[in-house]
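Okay, structure first, notes after.
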Amino acid sequence: MGISDLVSHSLEGPIAAVRRHAISLSIAVVAAVAAIVYAASALLLALEAGLGPIGARLAVAAVLGAIAIAGYFAPRFLGSSPKKRLSPSDSDPDLSDLTRDQRIAMVFEALMLGFSMGSRKPADGTDTAGGSK
């Protein structure tokens, strides 16, 4: 049995479960949308008795327009205030004495150190590419 067969056999169960879950969720979403459409239709029929056919449709359109406008502006009114940026003095008192150029130089030094540590050969003298000395 190859590794691809092993992987495909081990993933059959979870993939089937996810597929069943996706199908049931899509059926529930379609049913919920249909229920909303029928509820709106029933509301429209109830409003037609009091407002007439044109007035009922105008009332429903006005309510939907108000919901759309509220949905558009809600994130602007309910959004949190901008987060306060931490200055270096808040996070580390040693960094407060450094200038901007010194901070940038420190970041470059850290990057160069990481690159040099990553590009070194192992200490035991073996080549990681599979070759011999």
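The values are calculated or read from the model by the stated rules, or taken from the named source; none is laboratory data. Please read all numbers here as calculations on a predicted model, not as lab measurements. Positions of Cβ are generated from backbone atoms using ideal geometry, with glycine treated the same way; all protein chains shown enter the neighbour counts.
Observations on the model:
- With respect to (1) aliphatic (A, V, I, L, M); (2) exposed (fewer than 11 other Cβ atoms within 10 Å of the Cβ); (3) touching a helix residue (DSSP H, G or I) at 6+ places or on another chain (Cβ under 8 Å), the lone exception for A32 is condition (3).
- Residues satisfying the stated conditions in the range 46-61, i.e. of a type in the set (V, I, T) and modelled with pLDDT of 90 or more: I54
- Meets criteria (part of a helix (DSSP H, G or I), surrounded by 10 or more Cβ atoms within 10 Å (Cβ to Cβ) and modelled with pLDDT of 90 or more) for A16: no
- Every residue from the range 93-124 that is polar (S, T, N, Q) and at pLDDT 85 or above: T99, Q102
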